[in-house]
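The values are calculated or read from the model by the stated rules, or taken from the named source; none is laboratory data. Keep in mind it's a predicted model, so treat the numbers as computed, not measured. No Cβ is skipped: glycine too gets one built from the backbone with ideal geometry, and neighbour counts run over all protein chains shown. Each accessible area value is taken on the protein alone, full model and side chains, heavy atoms only, with ligands, DNA and RNA left out. Shrake-Rupley method; radii C 1.70, N 1.55, O 1.52, S 1.80 Å.
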Amino acid sequence: MRKWLCLLALVAYLATTLAAAFFLPVGVRAQGGARFSAVEIDLWPEFDRPAVLVIQHFTLASDIVLPAGLTVRIPAQATVNAVASKEVGGALVNIDYDRQIQGDWALISLSAASRDIQIEYYDTLIQQGATRQYVFLWPGDYAVDSFAVQFQMPIEASDLQAKPTLPNSSVGADGLTYYTSEFGSLAVEQTFTLEVTYQKATDTLSAPSLNLQPAENPANATGRVTWTQYVPWVLGILGVILILFGLVAGVLYWQSRWRNSGGVTRQRHASRREKTGGQSEEIYCHQCGRRAQPGDLFCRACGTRLRHGEQ
């Protein structure tokens, strides 16, 4: 019985530990010393909203053990559009994250099971008449081997000014002009700031003019399933398993008590019969009337043969 109780206790402990490790917010898990082999920042102002769509592409270094805990800082006023990981086939799959405000920053905590992570958010674009301005800041939380920036020039915009400069330009398949630059490696706590301004007299957005759909949150993609959809089922199955284990333990416990109780009772009855069985009948000599001792065949007084069991 003790073996079964110990086994049930072990199963309950393991189930509780796994559930805690699986369902606790990723922000409370240990992060470790992560490092990125590459980071690319895409800045798309006035793409499908009158704001700046910031797309951050992260590639974890090959020596980082997966899954890896990450906490990335983005501006507190930013609106998260997607947090996703790239599968082997290249498809983006939504992953869960925890968002906490800390001063001027929002901390996006996640567990990366893939080396390629993408975070998208919308940030505020400063508009003063026809002048547009945006400042991007990399806070330097992680070391980066190769840091690059791509700026998408909005439709009907002109006179781009960037500090530091974005000297490389090319026209994409969508007809928009992209300005890029690579800035090499960045150490931990080494920040990077990019200031851009441009002129644009209209409020026309780029995406509708290109007949493109707004950037889609991977969580809303058709046919895409995330593990959070199975959380209620997992918890339900876990609860049923624990209840079944409890019922089995109860049945075994009461069976053990019943068997032990029945055995003791039978032993007591047997012992009582053994103790009293030889003394339950008193024998007297029918000749002289003297009481015989247990086991006597003849009277000790007159020698007459005793009559056992006779009236």
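Between residue 233 and residue 65, the distance separating the two model label sites (each 7 Å from Cα on the Cα→Cβ line) works out to 3.1 nm.
Could you calculate the contour length gain from residue 187 to residue 148, that is, 0.36 nm times the residue separation minus the distance between their Cα atoms, to one decimal place in nm?
Here the answer is 12.6 nm.
Using 0.36 nm per residue and subtracting the Cα-Cα separation, the extra length available between residue 101 and residue 293 on full extension is 59.3 nm. Here region 108-221 has 46 percent of its accessible surface on carbon and sulfur atoms, given a 1.4 Å probe and all protein chains in place. With a Förster radius of 22 Å applied to the beta-carbon distance between residue 244 and residue 113, the computed FRET efficiency rounds to 0.10. Close amide H pairs (under 5 Å, H built 1.01 Å from N) link residue 306 with 298, 299, residues at least 5 positions away or on another chain. A cut-off of 5 Å between modelled amide H atoms, ignoring neighbours fewer than 5 places along the same chain, links residue 46 with 51, 52, 53. The modelled label-to-label distance for the pair residue 87/residue 252, using points 7 Å beyond Cα in the direction of Cβ, is 4.1 nm.
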